[in-house]
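Right, one structure below, let's go through it.
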Amino acid sequence: MARYFNGREVELLAPVGTFEIFKQVIGEGCDAVYLGGPSLNMRLMRKGYNFTLEEMEEAIRIAHSLGKKVYVTVNNMLNEQEMEETAEYLKYLETIGPDALIVQDFAVVSLIHKLGLKLHVHSSVMMNAHNIEMVLALKELGVTRVVTSREMDLHTTRQLLNATGMELEYFIHGDLCSVHGANCYFSSAVFGNSSNRGRCLKPCRWEYRVKKDGNVYPTEYPLAAKDMFMYEHIPELIQGGITSFKIEGRMRDAEFVQLLVRSYSDAIDRYLDDPVGFDRSVDTPSLFEHRKRDFTTAYSFGRPGLDFINRRYEGTGKFYSTGKVFSTPTAERELEEERIGRIRSRLAEEKRSSAGRGEVSVHVNNMEQAKAALAAGADHIYLSGDVFEPDRPFTKAEIKELGALKGSAKLYLGLPRMMREIHFEQYDALLRGERLPIDGILITNIGAIRRFASAGYPMIGDYNLNILNHLAGGFYREQGLERYTVSMEAPLEELAQLLKAGRGPVEAIVHGSPALMYMEHDLYENAELFQPLAEEDNVYVPNDVLVLMTDKGENPVYRDAHGRCHLMMAKELCLLPAVKELLEAGLTHFRIEGAAYRDVNRLAEVVAVYRRVLDQPESAAAEFEALKPVYGGYTAGALHFNGAAREAEAKAEVLA
């Protein structure tokens, strides 16, 4: 079946978690379904869900006999050990003929090209496509549809369609994240369960206390998003250029999915038949009665503000699809001697015959930090593209001043992590005007590579590119990156394997406070719109910094110059004791996340220590003993976890 409005296709896309659910849903009014196979997809945490290979083949046969389409999710971020499995799986999928694959990792795109497979690719929401340049880059790679960023409004989708001609898919109903797609690392840092591998244990659903300026504010669940509800906005979705109306819910039961499909299918048909006389709210009472959370239109019509946050049933600590407890507030693991030994031992197994001189990279927020890092011996300075308040973005005059001071060090201009069209215009004017005294650009999305590769500056990949395997790394090198930063979700085994397979320079974050969550949602509004309940100072950071607090720790939240929030680690990341083994295993660039350091003396101290230890690795133990953490203790982040084995253990724990 197919639906059209003024000659443009309108597709209702339904989730099916199992073959039994598929058989009940496929006869309803959806035009297509999406499903996952036995591995390599984002819904592997529920026992008995997903399809066997044989069930996928049969589902595709049944759907095609009804004139409907099937899209298969191969939407995990993939690790090094999965490359061979992925290649074989893709070959199999070509034989059974799905209408497209939904993909997050560019390793999949690379394999499809290298193997010469005839498979259509749709970019997953986890690719976080959010600007024209990204969509054009994906189109040039053969991607035929983009699932847009959850934070994209319908005015922007229309612009994307007009500029690119790309088919657009848009979430219209169901579970939402409060964090930009593929930019949440909280579950990985605390549990060793990667959100980008479909194993999120939902720290966004914890109860927090919001603190700022010495006050406590009355928002218990400040990260807990409502469910998407676009039932009453079929006309705006079509006007927004959306081809595929996507219902979230591969973990939902058949009855619930059927209810949604029937309601949305009926609404679409009624609108196509009589757009002027269309009644928007026929099934609104029923959908409201059966809701799991309260409803929002999210970012479809602009920033929703605090209305985005849900309170219905929050605090139960359970997945609605299973009734199982997902997690309760949990502290980041403390870096202890036993774990240090395990990290060093595993990395030592990958020792190369010779190691070059390790280089220190420092990500900074302001001029004072940049100068301090240079003076302390930094080899590379990244000027943040997401400058935290109260600092302001780096000016051209400041860039020139640092260019005159940098000496043999290298200076890079960082780009914002989320780039709207105005950002491309601004950076285009800056980078294509007079030659800047910089040595490169810190790249945050594939669209920026497409736009700025011709500007004549070397390009370095930031950590939010989420590279966890050598094929994805190789893909980005082919696009023009000189080096890339490994995903901060890489657990021990995955990091060791990636360094072993790596070709060319590789960077990793080894110290500081990297952002665990990056969001459009403005947490600072809690302290701006509500009256405080009590007084309480922050423990580790100044009171002007908002923190989210549980009984397990305090996570600082910084708002940047674009109004976006960055939730940081509660402890200070430190891999200093393993510098020697990291260097010998193939890590070439050791990155310090310094943007959150208010004390530039502390930043200078950290930079100097890493420079000394890289020059004299035998001094690591003494330097580590002397370098006390500034807040919350030290953690090794994802390196507290071994990797694939830990994921299997965690899966068993959740399903028990």
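Read-outs throughout are calculated quantities, based only on the coordinates presented, and are distinct from any laboratory measurement. Because the structure is predicted, anything quoted here is derived from the model rather than measured. A quick note on method: Cβ atoms are made from the backbone with ideal geometry, for glycine too, and the neighbour counts reach across all protein chains shown.
Of Leu603, Leu117, Leu402, which is farthest towards the positive pole of the chain's charge dipole, taken about the Cα centre with +1 and -1 on the beta-carbons of Lys, Arg and Asp, Glu respectively?
Positive-end residue among those listed: Leu117.
In whole angstrom, and with the biggest value first, how far do the Cα coordinates of region 6-60 range along each principal axis?
43, 21, 18
Using alpha carbon coordinates only, what is the Rg to Rh ratio of region 553-645, with Rh defined as the Kirkwood radius?
0.99
Can you compute the charge dipole magnitude of the chain about its Cα centre, using +1 on each Lys and Arg Cβ and -1 on each Asp and Glu Cβ, nothing else charged? Give it in debye, rounded to the nearest 20.
Dipole magnitude for the chain comes out near 800 debye.
What Kirkwood radius, in Å to one decimal, follows from the Cα pairs of the chain?
25.5 Å
What spacing in nm lies between the two simple spin-label points modelled at Ala397 and Ala331, each 7 Å away from Cα in the Cβ direction?
4.8 nm
Based solely on its DSSP helices, what 222 nm [θ] is calculated for the chain when runs of n ≥ 4 H residues each add -39,500 (n - 2.57) and the sum is averaged over all residues, nearest 500 deg cm²/dmol?
Theoretical 222 nm ellipticity from helices: -9500 deg cm²/dmol.
Quick one: divide the alpha-carbon radius of gyration of region 1-137 by 2.2 N^0.38 Å and tell me what you get.
1.06
Sort region 415-549 into rounded, prolate or oblate with this rule: let a ≥ b ≥ c be the square roots of the eigenvalues of the Cα gyration tensor; rounded if a/c is under 1.5, and if a/c is not under 1.5, prolate when a/b is larger than b/c, oblate otherwise.
It comes out oblate by the Cα gyration axes.
Label His562 and Glu389 with points 7 Å out from Cα along Cα→Cβ: what is the distance between them in nm?
1.6 nm
Can you compute the charge dipole magnitude of region 353-427 about its Cα centre, using +1 on each Lys and Arg Cβ and -1 on each Asp and Glu Cβ, nothing else charged? Give it in debye, rounded to the nearest 20.
Approximately 220 debye in magnitude.
Residues in region 436-475, backbone N under 19 Å from the label point at Ala404 (7 Å along the Cα-to-beta-carbon vector): list them, ranges by number please.
436-439
Given 0.36 nm per residue, what is the gain on full extension from Ile422 to Ala2 after removing their alpha carbon distance, in nm?
Full extension from Ile422 to Ala2 adds 147.5 nm.
Just how far, in whole angstrom, is region 524-543 from region 441-508 if you go by their alpha carbon centroids?
38 Å
For a test of the definition: using alpha carbon positions, the gyration tensor, and the 1.5 limit on a/c, classify region 55-105 as rounded, prolate or oblate.
Prolate.
Based on the alpha-carbon set only, what is the convex hull volume of region 252-315 divided per residue, in Å³?
Residue-normalised Cα hull volume stands at 112 Å³.
Could you pull out every residue, at least 5 positions away or on a different chain, whose amide H is within less than 5 Å of the one on Val282? Hs are placed 1.01 Å off N in the peptide plane, and Pro or chain starts have none.
none
Identify, among Ser39, Leu567, Leu260, the residue whose Cα sits farthest towards the positive end of the charge dipole of the chain, taking +1 on the Cβ of Lys and Arg and -1 on the Cβ of Asp and Glu, with the dipole about the Cα centre.
Projecting each Cα onto the dipole axis, the largest value belongs to Ser39.
Need the full-extension length gain, Lys23 to Asp537, defined as separation in residues times 0.36 nm minus the C-alpha distance. One decimal, nm.
Extra length available between Lys23 and Asp537 comes to 179.4 nm.
Looking at Thr18, Ser286, Leu141, which one has the Cα that reaches farthest to the positive end of the dipole of the chain (charges on Cβ: Lys, Arg +1; Asp, Glu -1)?
My answer, from the dipole projection, is Leu141.
Could you give the nm distance between label points at Ala621 and Arg357, where each point is 7 Å from its Cα heading toward the beta carbon?
The two pseudo-label positions are separated by 2.8 nm.
Could you tell me what % of all Cα pairs in region 375-491 have separations over 23 Å?
Summing the P(r) tail past 23 Å for region 375-491 gives 30 percent.
What shape does region 254-361 have by the C-alpha gyration tensor, where a ≥ b ≥ c are the square roots of the eigenvalues, rounded means a/c under 1.5, and otherwise prolate means a/b greater than b/c and oblate the rest?
Prolate.
Could you calculate the FRET efficiency of Arg342 with Phe288 from 1/(1 + (r/R0)^6), where r is the beta carbon distance between them and R0 is 51 Å, rounded to 0.05?
In this case the efficiency is close to 0.50.
Take the residue pairs Lys47/Lys68; Lys351/Lys406; Lys91/Lys500; Lys202/Lys246; Lys202/Lys371; Lys396/Lys500 and return only those whose Cα atoms are more than 30 Å apart.
Where the Cα-Cα span goes over 30 Å, the pairs concerned are Lys351/Lys406; Lys202/Lys371; Lys396/Lys500.
How far, in nm, would the chain grow between Glu94 and Glu58 when pulled straight, counting 0.36 nm per residue and subtracting the alpha carbon separation?
My answer for the length gained is 11.5 nm.
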